[in-house]
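The values are calculated or read from the model by the stated rules, or taken from the named source; none is laboratory data. This one's a predicted model, so the numbers in the text were calculated from it and none came from an experiment. Cβ atoms come from the backbone with ideal geometry, glycine included; neighbour counts cover every protein chain shown.
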Amino acid sequence: MLELFSYSLSVTDLVILVVVAVLIGMGKTGVAGAGMIAVPLLAIVFGGKASTGLLLPILIFADFFGVYHYHQHANWQHLRRLLPFALIGVVIGTLTGNIIDDQAFRLIMVGIIFVSLAIMIWQQHQRQPTIPTSPLFGYSIGIIGGFATMVGNLAGPIMILYLLAMQFPKNQFIGTAAWFFLVINVLKIPFHVFAWQTITVNSFLLDAILIPAIAAGAYLGIAIVKNIPENVYRWFVIVMTLIAALAMVL
């Protein structure tokens, strides 16, 4: 066992941490679903709730890479609609997180992901997909996404559902998601530090040593997405999300 910042980690644990960092980096630069695979991997080592606090700084480090590369493509009209309601969802998640055990959390998240996937696939099969115009759709997505990101860092499929419904092109899809998650993840920090106490100096230092792996994943994601045609990217997102959802179940 290796002692790192008060954590006793085996070689397997360290490998999982590095893999998680790479996957998160890839997910934040357009390889949708990669970050979802990282969530259960980290939970295996640290447990459900503790892993959410450990994962958050990793997500934020990766968010900066995504924003740096795609910031000019963000759609701020939609971000202004989503973010206030996502913060409401974060507060709800904070208040209910202490009464949701790991098994219940897992079932809730898997349910949300598969329902989101079903809606995504149905929407893609429409001959003339309609773009939702009701503000209620955006408000609902914001609240559900905020809740999901607080209790398990799993708002990815919720945001993907919204962005696919809005028919965003590839770069705008990634840029809008990058800014959304950077803002909402930074806003989550006080809740994890003071309410749940899942982020500490030691957990942050452990996350910080993973920055090179996060960077490698981010630039690998950029290279992969660059070679995916615009008309293929939407189905790529759905397939990757499905693979990640199945990984959570198995």
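Please state which one of L242, L206, L187 is in a helix (DSSP H, G or I), over 16 Å from F65 (Cα atoms), of a type outside the set (S, T, N, Q) and in contact with a Phe, Trp or Tyr (Cβ under 7 Å, 6 or more places away or on another chain).
Unique residue meeting the criteria: L206.
If only one of I160, I222, I243, I143 is over 18 Å from L82 (Cβ atoms) and either surrounded by 21 or more Cβ atoms within 10 Å (Cβ to Cβ) or modelled with pLDDT of 85 or more (or both), which one is it?
Checking each option against the conditions leaves just I222.
Search the range 163-179 for residues being touching an Asp or Glu at 6+ places or on another chain (Cβ under 9 Å) and among the hydrophobic types (A, V, I, L, M, F, W, C), and hand back the single one that is surrounded by the most Cβ atoms within 10 Å (Cβ to Cβ).
Filtering the range 163-179 for residues that are touching an Asp or Glu at 6+ places or on another chain (Cβ under 9 Å) and among the hydrophobic types (A, V, I, L, M, F, W, C), the one surrounded by the most Cβ atoms within 10 Å (Cβ to Cβ) comes out as A178.
Does F137 satisfy the criteria of being surrounded by fewer than 24 Cβ atoms within 10 Å (Cβ to Cβ), under 22 Å from I44 (Cα atoms), at pLDDT 75 or above and of a type in the set (F, W, Y)?
So F137 fails the test.
Only one of these is in a helix (DSSP H, G or I), more than 27 Å from N227 (Cβ to Cβ) and not charged (D, E, K, R): G111, G175. Name it.
G111
Does any residue in the range 221-250 that is farther than 20 Å from N153 by Cβ come within less than 9 Å, Cβ to Cβ, of a residue that is in a helix (DSSP H, G or I) and among the β-branched types (V, I, T) six or more places away or on a different chain, and which pairs are these?
Pairs that qualify, where the first residue is farther than 20 Å from N153 by Cβ and the partner is in a helix (DSSP H, G or I) and among the β-branched types (V, I, T), are V225/I174; Y233/V225; F236/V225; I238/I121; I238/I160.
When the range 26-81 is examined, which residues are found to be of a type in the set (V, I, T), part of a helix (DSSP H, G or I) and at pLDDT 90 or above?
Answer for the range 26-81, where residues must be of a type in the set (V, I, T), part of a helix (DSSP H, G or I) and at pLDDT 90 or above: I58, I60, V67.
Is there any pair linking a residue in the range 30-56 that is under 16 Å from G156 (Cα atoms) to one that is assigned to a loop (DSSP other than H, G, I, E, B) and among the aliphatic types (A, V, I, L, M), with Cβ under 8 Å and at least six apart or on different chains, and which?
Between residues of the range 30-56 that are under 16 Å from G156 (Cα atoms) and residues that are assigned to a loop (DSSP other than H, G, I, E, B) and among the aliphatic types (A, V, I, L, M), the close pairs are M36/L154; V39/L154; L56/I199.
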